[in-house]
Amino acid sequence: MTYFAEIHRQTAIKHREGLTWQGVEPEFAARLRTQNRFQNGIEIARYTAKIMREDMEAYDKDPATYTQSLGCWHGFIGQQKMISIKKHFGSTKGKYLYLSGWMIAALRSDFGPLPDQSMHEKTSVPALIEELYTFLRQADARELGGLFRELDAAREAGDDSAAARAQQAIDGFQTHVVPIIADIDAGFGNAEATYLLAKKLIEAGACAIQIENQVSDEKQCGHQDGKVTVPHEDFLQKIRAIRYAFLELGISDGIIVARTDSLGAGLTKQIAYSKVPGDLGDQYNAFLDCEEIDTAELGTGEVLISREGRLLKPRRLPSNLFQFRAGTGEDRCVLDCITALQNGADLLWIETEKPHVEQIAGMVDRIRAVVPHAKLVYNNSPSFNWTLNFRQQVYDAWAQKGESLTEYDRERLMSQHYDHSALAKEADERIRTFQADAAKRAGIFHHLITLPTYHTAALSTDNLAKRYFGEEGMLGYVKQVQREEIRQGIACVKHQNMSGSDIGDDHKEAFAGEAALKAGGANNTMNQFAA
């Protein structure tokens with residue numbers, strides 16, 4: 001519905017109500033409706049799920065149309081990302097937000113900073129989704145409020161062409177609301193707990209939920225040691241639980257991202273249930289590290305499994321966890337991915353120990369031999385030392401080609417000494433093209449960085465503290481922050497406007513007319529940034 005069609009609709013409502021609505025202005029009601037396109041999280045989830053489905057279909061036709069996101073830990077951070085994307089690229093197409101469980105644990109828990117082990121409050125996950133969309137909707141209201149002012153100014157000046165341009169901009173406005181891929185960790189409990197929490201995430205607006213195959217009460221960060229996986233059927237129960245949550249809430253095209261940590265996980269908490277040789281439970285158990293045993297030598301509390309007519313003892317640790325055979329991680333990972341896609345998952349997430357296109361592609365080729373359109377979400381993680389990894393990849397490639405490497409020490413390639421070397425330049429180029437290369441070669445539909453703003457906040461704060469509390473004093477803030485905000489056109493330099501002050505003035509004027517006490521008058525210091 002166009003802006004003026006909404007005005008006519010609101011006018012009809014006012015006329016229907018009669019004289020008691022004399023103080024209601026239909027155009028202002030139309031502005032409020034236009035500024036608040038989404039009434040609840042379900043509407044957002046339905047809208048963004050459609051976007052992701054269209055993007056996934058486009059990627060299948062052309063891998064160059066991969067999508068991207070950055071992790072968020074506060075609504076303001078997500079809002080500023082979308083404002084920046086619209087400012088620099090004119091459109092949010094292909095750009096999402098990622099909600100990182102790691103950052104919720106580290107930054108949003110009532111317990112204080114926590115490791116990524118699902119110890120934070122599960123309610124903080126839907127709460128952050130709701131917060132993110134609150135800030136994104138406020139960004140819509142703020143930008144549209146500016147367009148309404150342009151329209152009013154054009155009308156007041158009698159400039160019909162400017163008024164037409166403003167109306168066209170209002171009707172063509174692109175919302176800041178984009179898909180959020182939300183991390184539900186390992187489901188915070190059993191399948192029922194996963195289902196209940198998934199509903200809360202969807203009601204808050206999430207159209208895509210990422211779940212991992214670790215044990216809930218033993219969950220570890222994907223880039224740390226000690227990861228413990230569950231048998232496939234346990235994981236599939238949680239995938240089905242999430243799908244039922246989507247269906248119950250009317251989001252039939254909701255997206256499930258099935259994450260496997262098997263590549264780096266060497267432990268399991270339980271032996272899988274198996275009915276017949278070769279079934280999914282038997283395949284899982286086949287990866288266990290076992291030894292043949294003489295039944296006469298059985299100790300107290302030993303656990304045995306039968307395989308091909310032999311009794312085997314799985315290697316069990318004092319923690320009561322069972323160990324997988326070394327070198328089976330990739331095979332387990334591939335089996336995880338195939339079974340997840342065959343049982344309702346839409347996208348895959350393979351947690352790796354390094355960003356290496358061919359390593360990822362080798363697994364994806366095996367998965368696609370069974371499920372041809374398998375697609376990945378990939379964590380471009382700050383846990384990787386990207387500089388060292390890619391310099392070593394170039395070093396190894398050059399060594400394989402027989403090129404001279406006498407000036408390089410493979411173990412010290414992180415050194416600034418190499419920053420301007422030919423090897424470093426090639427490594428940087430590989431980093432620059434990594435996402436496009438991996439999208440084309442390794443089936444990666446969506447690239448994300450889980451913890452970017454955790455690191456940018458720390459870095460920028462360190463630089464500000466060093467300058468402000470040092471010899472530069474106030475110049476440390478002005479030169480490095482405010483002056484750059486002004487010159488780069490960062491909207492937040494007008495922080496009163498960003499916080500909603502002008503939106504509040506619009507409301508005051510509509511509610512109180514000439515009696516409105518507005519904040520945006522001549523004495524508002526934000527006017528110093530008008531130029």
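Bear in mind these aren't lab numbers, they're just calculated from the coordinates by the rules spelled out. The structure displayed is predicted, hence computed values, not measured ones. In this analysis, Cβ positions are derived from the backbone assuming ideal geometry, glycine residues included, and neighbour counts consider all displayed protein chains.
Compute the long axis of helix 386-401 from its Cα atoms, compare it with the longest principal axis of the Cα atoms of the chain, and write down the angle in degrees, 0 to 90, nearest 10.
Between the helix axis and the principal axis of the chain, the angle is about 50 degrees.
Compute the helix-to-body angle for 232-248: its Cα long axis versus the longest principal axis of the chain, expressed 0 to 90° and rounded to tens.
20
What's the longest uninterrupted piece of the chain once you rule out the chymotrypsin sites (Phe, Trp or Tyr not before Pro) that are loop residues per DSSP with at most 16 other Cβ within 10 Å?
274-468
From the C-alpha gyration tensor of the range 1-111, pull out the three semi-axes of the equivalent ellipsoid (sqrt of 5λ each), sorted largest to smallest, in whole Å.
Each semi-axis is the square root of five times an eigenvalue, giving 37, 21, 13 Å.
Mind computing the radius of gyration and Dmax over the alpha-carbon atoms of the range 470-514? Å is fine for both.
Rg and Dmax of the range 470-514, Cα atoms, are 16.0, 50 Å.
If each residue of separation counts as 0.36 nm, what is the full-extension length gain between ALA458 and ALA162 once their alpha-carbon separation is subtracted?
102.2 nm
Considering only C-alpha atoms, what is the centroid distance from the range 392-431 to the range 242-307, in Å?
A separation of 41 Å, based on Cα centres.
Kindly express, to the nearest 10 degrees and within the range 0 to 90, the angle between helix 41-61's C-alpha long axis and the longest C-alpha principal axis of the chain.
Taking the Cα atoms of the chain, the angle to 41-61 is about 60 degrees.
So for the range 159-288, if I pair up every lysine 8 or more residues apart or on another chain, how many of those pairs have alpha-carbons under 17 Å apart?
Final tally of qualifying lysine pairs is 7.
For the range 317-464, what class follows from the C-alpha gyration tensor (a ≥ b ≥ c being the square roots of its eigenvalues): rounded when a/c is under 1.5, otherwise prolate if a/b is larger than b/c, else oblate?
It comes out prolate by the Cα gyration axes.
Counting GluC sites (Glu not before Pro) as exposed when in a DSSP loop with at most 13 other beta carbons within 10 Å, what is the longest stretch of the chain free of them?
After excluding every exposed loop site, the longest remaining stretch is 1-301.
Dipole magnitude of the chain about its Cα centre, charges +1 at Lys/Arg Cβ and -1 at Asp/Glu Cβ only, in debye to the nearest 20?
Value, rounded to 20: 740 debye.
Go ahead and run the numbers for FRET between GLU291 and GLU54, Cβ-Cβ distance against an R0 of 45 Å, rounding to 0.05.
It comes to 0.30.
Would you please name the trypsin sites (Lys or Arg not before Pro) within the range 344-407 that are DSSP coil residues with at most 12 other C-beta atoms within 10 Å of their C-beta?
none
Divide by every residue of the chain the summed helix terms, -39500 (n - 2.57) for each DSSP H run of at least 4, and state the resulting mean residue ellipticity at 222 nm, rounded to the nearest 500 deg cm²/dmol.
Value at 222 nm, helices only, nearest 500: -15500 deg cm²/dmol.
Any idea what the dipole of the range 470-514 comes to, in debye rounded to 20, about its Cα centre with Lys/Arg Cβ at +1 and Asp/Glu Cβ at -1?
Using Cβ point charges on Lys, Arg, Asp and Glu, the range 470-514 gives about 200 debye.
Which label belongs to the value computed from this structure, given these candidates for Cα extents along the principal axes in Å: (i) 99, 69, 49; (ii) 117, 86, 45; (iii) 96, 64, 46?
(iii)
Amide H of ILE444: which non-local residues (sequence gap of 5 or more, or other chain) have their own amide H closer than 5 Å, using H built in the peptide plane?
Here the answer is LEU376, ALA439, since their amide H atoms fall under 5 Å of that of ILE444.
May I ask which residue of GLN174, PRO382, MET363 lies farthest towards the positive end of the charge dipole of the chain, with charges of +1 (Lys, Arg) and -1 (Asp, Glu) on Cβ and the Cα centre as origin?
GLN174
For GLU484 and ASP428, calculate 0.36 nm times their separation in residues minus their Cα-Cα distance, and state this gained length in nm to one decimal.
17.5 nm
Quote the FRET efficiency, to the nearest 0.05, computed for HIS15 versus ASP253 with a Förster distance R0 of 56 Å and r equal to the Cβ-Cβ distance.
0.90
Which residues does the label zone of SER421 cover in the range 369-411, counting backbone N under 15 Å from a point 7 Å along Cα→Cβ?
387-400, 403-411
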